[in-house]
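The values are calculated or read from the model by the stated rules, or taken from the named source; none is laboratory data. Just so it is clear, the structure is predicted and the values come from calculations on it, not from any experiment. Here the Cβ is made from the backbone with ideal geometry for all residues, glycine too, and neighbour counts use every protein chain on show.
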Amino acid sequence: MKLVTKLITGQVPTIDAPDLQTFQREYAAKNQPVILTGAIPTWEALGKWDLPFLRTALGKTPLRVYVSSDGAFRAHPELGFHESLWKTLTGADYIDWVANGPRPPHLLLQHQSLLTKFPQLGPDIRVPIYVDSARVRDVNLWIGAGDNVTPLHCDQADNLLIQIIGEKRLFLASPAQRTNLYPFGPLNRIPPITSRVNLGAPDLQQFPRLKKAKFFEATLRPGEMIFLPVHWWHEVHGMGTNVSVNFWWEASNRNVWRYPNYMLSIYAHNLWRVTRARLGRA
């Protein structure tokens, strides 16, 4: 990460429990990331979700757990992002693995629908006021043992990531940095919202423009949340045992189309996928 550290130009700002109007005016409308503190004091999950509790609560629930040799959970080069290597474990078995610390092969529970797959955990959280509840796409649970990395990518929706246990370190880059981050092309199994660059060990001969990229850094602690606006690039590092919840909801049309090349690339990718499926090449 030495190169990325050199490319950090600032920290993501932090604000304590802003009212909804301030958040919408200063951050959501401007498509700007921010760390929000003190905004979920009534969440029971903050004092309740430790590993023994999660082991009991998840119990025999089958989990789709992703597998990585080095702790970076990249998209599978042939199968695509959502078909990366994975295995099925019971909740209890996975929490036992987490409790013993990170080790190869690394495992990670990521983007698993909390309300549909783990309804027993639903009463312990609330929809934050900053989330447009009428436009929510997914509410997800993430559990890692540490040394787990979600590589550089951006989302097609607004994202609020909330830390319950442990810390996460994030590196963010604005949508304007797209050409410096080398996303996959639209005619690829991996969608164009994923960077081809390995930030941990970047190949500057293959990706020379990375040296021009500008990143912001953030550290997310228990009880804090970070707003990741649509199309903002982010890489997420779990530091020690870490448990998070995130909300994805539809961004405003203004922000979705603020950078038209993103949407055109995504449409081209989706059309390519549909065409391949109809031709029996999926």
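Would you please name the residue that is farthest from Val243 (Cα to Cα), looking only at residues in region 115-140 that are among the aliphatic types (A, V, I, L, M) and in contact with a Ser or Thr (Cβ under 8 Å, 6 or more places away or on another chain)? Walk me through how you get there before you give the answer.
Of all residues in region 115-140, those among the aliphatic types (A, V, I, L, M) come to 115, 121, 125, 127, 129, 131, 134, 136, 139.
If we keep only those that are in contact with a Ser or Thr (Cβ under 8 Å, 6 or more places away or on another chain) as well, we get 127, 139.
Details: Val127: 17, Val139: 14 Å.
Checked region 115-140; the qualifying residue farthest from Val243 (Cα to Cα) is Val127.
Within region 43-50, identify whether any single residue is free of Cβ contacts under 8 Å to residues at least 40 places away in the same chain and either under 30 Å from Asp16 (Cα atoms) or surrounded by 19 or more Cβ atoms within 10 Å (Cβ to Cβ) (or both), and answer yes or no. Spell out how you get there, then give the answer.
In the first step, residues of region 43-50 are kept if they are free of Cβ contacts under 8 Å to residues at least 40 places away in the same chain; the result is 47.
Still in the list and also either under 30 Å from Asp16 (Cα atoms) or surrounded by 19 or more Cβ atoms within 10 Å (Cβ to Cβ) (or both): 47.
Yes, region 43-50 contains at least one residue that is free of Cβ contacts under 8 Å to residues at least 40 places away in the same chain and either under 30 Å from Asp16 (Cα atoms) or surrounded by 19 or more Cβ atoms within 10 Å (Cβ to Cβ) (or both).
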> What strands (runs of 3 or more DSSP E) completely inside region 1-57 contain at least 2 residues that are closer than 20 Å to Trp249 by Cβ and touching a strand residue (DSSP E or B) at 6+ places or on another chain (Cβ under 8 Å)?
Replying inline: 34-37
> Within the bounds of region 200-208, is there any residue that is at pLDDT below 95 and in contact with a strand residue (DSSP E or B) (Cβ under 9 Å, 6 or more places away or on another chain)?
Replying inline: yes
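Tell me whether region 119-129 contains one or more residues that are in contact (Cβ under 8 Å) with a residue 60 or more places away in the chain, closer than 27 Å to Arg189 by Cα and β-branched (Val, Ile, Thr). Before the answer, list the steps.
The initial filter retains those residues of region 119-129 that are in contact (Cβ under 8 Å) with a residue 60 or more places away in the chain, namely 120-121, 123-129.
Those still in the list that are closer than 27 Å to Arg189 by Cα too: none.
No, because not a single residue in region 119-129 is in contact (Cβ under 8 Å) with a residue 60 or more places away in the chain, closer than 27 Å to Arg189 by Cα and β-branched (Val, Ile, Thr).
How many residues are part of a strand (DSSP E or B) and either among the aromatic types (Phe, Trp, Tyr) or more than 17 Å from Asn159 (Cβ to Cβ) (or both) when one looks only at region 244-282?
Just the residues of region 244-282 that are part of a strand (DSSP E or B), to begin with: 244-249.
Those left that are additionally either among the aromatic types (Phe, Trp, Tyr) or more than 17 Å from Asn159 (Cβ to Cβ) (or both): 247-249.
Total satisfying the criteria: 3.
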>> Condition check: within 17 Å of the chain's Cα centre (by Cα), modelled with pLDDT under 95 and crowded, with 20+ Cβ neighbours inside 10 Å. Does Ile190 satisfy that?
In response: yes
>> Consider region 230-265. How many of its residues are among the aliphatic types (A, V, I, L, M) and surrounded by 17 or more Cβ atoms within 10 Å (Cβ to Cβ)?
In response: 6
>> Here is a check on your reading of the model: is Pro222 closer than 26 Å to Leu109 by Cβ and buried (at least 20 other Cβ atoms within 10 Å of the Cβ)?
In response: no
>> Go through region 69-92 and report how many residues are surrounded by 15 or more Cβ atoms within 10 Å (Cβ to Cβ) and modelled with pLDDT of 90 or more.
In response: 7
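Taking the condition of a type in the set (Gly, Ala, Ser), surrounded by 15 or more Cβ atoms within 10 Å (Cβ to Cβ) and under 20 Å from Tyr27 (Cα atoms), does Ser174 pass?
Values: of a type in the set (Gly, Ala, Ser): yes; surrounded by 15 or more Cβ atoms within 10 Å (Cβ to Cβ): yes; under 20 Å from Tyr27 (Cα atoms): yes.
It is true that Ser174 is of a type in the set (Gly, Ala, Ser), surrounded by 15 or more Cβ atoms within 10 Å (Cβ to Cβ) and under 20 Å from Tyr27 (Cα atoms).
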